[in-house]
Amino acid sequence: MEQFHEIDITNCPVASVQKIIRGKWSMVIIYFLYHETLRFSQLKRKMPQVTEANLTKELRMLEQYGLVHREIYREVPPRVEYSLTEIGQKFIPVLEALEQWATEYEQERKML
């Protein structure tokens, strides 16, 4: 019989990714920013079910992890735009693979 050993998940790459995209709306934000640079209000309109506080929290977290860039324009009134960083853009193939899996999963579930 195979024995299972405890694994130190602090060094697990999957656990690291899960920590970065743990927010409920993180992947949706990344999806929208992949297609275009957006201001907060534009992103909010695309995600009406998300409160401003939660959207702000998610954007800050993604910015902290380096996936989202926040550009502040010194204008009156001030303008802030969000875009994906280079490492954020590298997450897109992962997101596309998840989208494909989700579609297949939904199809399988309908057949049950």
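Every condition in (1) of a type in the set (Gly, Ala, Ser); (2) at pLDDT below 95; (3) surrounded by 15 or more Cβ atoms within 10 Å (Cβ to Cβ); (4) assigned to a helix (DSSP H, G or I) holds for residue 23 except the one numbered (4). Within segment 45-55, being part of a helix (DSSP H, G or I) and either within 24 Å of residue 94 (Cα to Cα) or out of contact with any helix residue (DSSP H, G or I) (no Cβ under 7 Å at 6 or more places or on another chain) (or both) holds for 45, 46, 53, 54, 55. With respect to residue 110, is the statement that it is more than 21 Å from residue 17 (Cα to Cα), surrounded by 13 or more Cβ atoms within 10 Å (Cβ to Cβ), basic (Lys, Arg) and without any contact (Cβ under 8 Å) to a residue 24 or more places away in the chain true? Answer is no for this residue.
Pick out the one residue from 58, 104, 99 that is outside any loop (DSSP other than H, G, I, E, B) and in contact with a Ser or Thr (Cβ under 7 Å, 6 or more places away or on another chain).
Details: 104 fails: in contact with a Ser or Thr (Cβ under 7 Å, 6 or more places away or on another chain); 99 fails: in contact with a Ser or Thr (Cβ under 7 Å, 6 or more places away or on another chain).
Only one candidate qualifies: 58.
The values are calculated or read from the model by the stated rules, or taken from the named source; none is laboratory data. Since the structure is predicted, the reported quantities are computational estimates derived from the model, not experimental observations. Using ideal geometry, Cβ is built from the backbone for each residue, glycine included, and neighbour counts are taken over all protein chains shown.
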